[in-house]
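Worksheet for the structure shown next.
The values are calculated or read from the model by the stated rules, or taken from the named source; none is laboratory data. Since the structure is predicted, the reported quantities are computational estimates derived from the model, not experimental observations. Counting neighbours? That spans all protein chains shown, and the Cβs are built from the backbone with ideal geometry, glycine included. Heavy atoms of the whole protein, side chains included, go into the accessibility calculation; ligands, DNA and RNA do not. Shrake-Rupley method; radii C 1.70, N 1.55, O 1.52, S 1.80 Å.
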Amino acid sequence: MADPLDQVRTLLARVSSARVRQRVEKTLVLWELGYVREALSQFRVTSEETLRRLLPLCPEAEAAPLEQALERGRAATVIESLHHELEVIPARVGLQLHTLLAWGNYASHHQKHGHQARGADLLVLVSIAVDLEDWMARQGHGGEPMLAPDQPARELGEHPRDQAAGLERVIQLLSEGVGARLHQEAHRLVIPDLSLELYWGRPDLGPAPEEPYRGLRSFEVEDAGRFYGRERLVRELEQSVDTRRLTVLSGASGAGKTSLLRAGLLPLLLDLGCGVVCLNDYSEEAVALLAQIREAWAGRRLVLVLDQLERALLSHADPGARRAILTLLAGVGRQTQGRRVVVGIREDFLGRLLREAQLPVGDPGGAAGEPGEAAAAIITAGPLTEAESREAVTLPLEGTGVSLDPELLSRVLLPALLQEHGAAPSRLQIVCGRLYEAARADRQCMDLRLYEQLGGAEEILGTYLDQALTSGRYVGEEALARAMLKAMTGPEARRWAGLGQLWRRLAQEELATDEVQLRSLLGRLMDDRLVVSRGGGPAAPTRYSLMHDQLAGVVRSWRSAAELERQEAQDRLDRALAYYAEDQQRGELLRGRSLRLVERYLPRLRGDEAAAELVAASRRGRRLRRLSVALLLGVALLGVVFGVVQLRGAVRQRDNSA
């Protein structure tokens, strides 16, 4: 008799829907790893998702209470209403929904009995889920055909006519505008030095990486099938983009915002036939091209994804780009077309964004067409829950040949990763990645002995950067490497630095090197995933930065108080110069602490004639302010003296008259 799990795999091979295939693959992996309860819980999620897609078919007066009942966990009541009262679904579909819901609930509430489920039960449940989705597709209820032969990737000609025409105009526009800097691939256009991408099709799932954990690197579109633990948040983003013109994804550094947008939301948008423009660095040229792409794209289905928007709000950011991007966001609520904008931003910059762009805030779940549609929906990328952390730890190990001791996971690793409110994705990826590397080199098992040998989670995290620099790849060059990493670190976040800036940093610290050694060192830092580069070519020189903002805090801790002050002085000078260069009459002058800092470190700061003029103008302004204050004090003093004299005269006159 055939193995039921093999039959599930055979059925899975015929599933054409990427979303459903990913759900079934996840269920199968959980089952094979022994997490039967978590695997069966996926069918409850499938049942509830199907009900949400059926609710729009109900009369408006009935849909709202049913949606509230579903949110409160009363899915069985919703199924009965859809079948008996509203007759939206036939009895067979109602029975299928009840079956999936019952198995998921039973496994969740009766953990011991959940483990008694057999492979044949899994086969039946997967078959029901497949049949249910196939019925949804046949009825035109938003489902995707489930059982279909493999289909080739969509070509440009298969897109709607207006979208294809818009894409052709965009390609022509960018080709004329940036020339050789434009790279065209099967599913996207890329301008590397501007960090701008235009997707019109979803790429194939890339080959499984050698290392299943990403460390500080983000998940990409090609990794969508290996992005675990964020399904709830991805669904929330999808719903918000469907109903709101502007969606803001906010979270702490290391919360996985970029991965959520690129490996979670972006593939869903591409599956729906949307064009997606991604931008994660903000120069005036990039923002101008962004506006031109929006104008040239004829179809309504275009989504702008503005990731790491805090870079446009930093003190040393391009002021022209800053104004342009804030103007774009402020105008989203007034646009007449159904364009959508999604923003990813660090939580400590969220208030600044809302204030400077004057964005109204609404409920992420509001319906399209409501008055609140123009308001921004704020979604928070919080830490992973325990269940999400378990998925993110266990599922990537499938097929790697490395096993995970369940005792280590439940008793030690998860409690160490889970902080007061949950697990930070970057923290989880670093710790699990280090455990995986050690296990693969040793005994192919991540167990308690290996965990203790590495010193535990806190030791792994605390020594992540230092361990890379003292690994033997930087013998005699550690001081050079540290100086270069400092040059890529700003007071609030990482910064991009070209070779010239790196040279100046090394000169400041009196470290000698040549171009060959410098480029070799940069290559090794990139191989170790500490540094990332972009650009390259005559029109766009290569620039380098830290792999992630979380490394910036570690690098800043290397600096002395004097170094931090000098860097702050440089940043304040650069920011003032950016405004002063635009309009010397109304430009921003250095004042107060900014001027005192710049004066203190002026001989050691980078600057040109414009910087000297700015400092001189700031000093003249300070003298004028001091003179004005002195004059005001003099006038005030004269007024006081005059008042005293008048008062004495009045008193004397009163005494004489008496």
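When a/c reaches 1.5 or more, the comparison of a/b and b/c decides; with that in mind, is segment 420-488 rounded, prolate or oblate per its Cα gyration tensor? Oblate. Across segment 397-413, rounded Karplus estimates of 3J(HN,Hα) from the backbone phi angles (6.51 cos²θ - 1.76 cosθ + 1.60, θ = phi - 60°) give 7, 4, x, 8, x, 9, 9, 10, 5, x, 5, 4, 5, 6, 8, 10, 5 Hz, Gly and Pro being marked x. Label-to-label distance for Val635 and Ser533 is 6.1 nm, based on points extended 7 Å past Cα in the beta-carbon direction.
Give me the extension gain from Ala291 to Glu238: residue separation times 0.36 nm, minus the current Cα-Cα distance, reported in nm with one decimal.
Numbers: separation 53, 0.36 × 53 = 19.08 nm, distance 2.36 nm.
That works out to 16.7 nm of additional length.
Label positions at Ala387 and Glu437, each projected 7 Å from the Cα along the C-beta direction, are separated by 3.3 nm. Applying the Karplus relation 6.51 cos²θ - 1.76 cosθ + 1.60 with θ = phi - 60° to segment 117-123 yields 3J(HN,Hα) values of 5, 10, x, 5, 5, 4, 4 Hz, where x marks Gly and Pro.
Entry comment: accessible area of segment 410-480 is 49 Å² per residue, from protein heavy atoms only and a probe of 1.4 Å.
Between amide H atoms placed 1.01 Å from N, distances below 5 Å from Ala376 occur with Val361, Gly362, all of them 5 or more places distant or on a separate chain.
Hey, with R₀ at 51 Å, roughly what FRET efficiency would Val361 and Val516 work out to, going by the Cβ-Cβ distance, to 0.05?
Working: r = 53 Å, r/R0 = 1.04.
Efficiency at R0 = 51 Å is approximately 0.45.
The stretch between Thr10 and Gln453, if pulled fully straight at 0.36 nm per residue, gains 155.3 nm over its current Cα-Cα span.
Here segment 479-507 is scanned for amide nitrogen atoms under 17 Å from the site 7 Å beyond the Cα of Arg352 along Cα-to-Cβ, giving 489-496.
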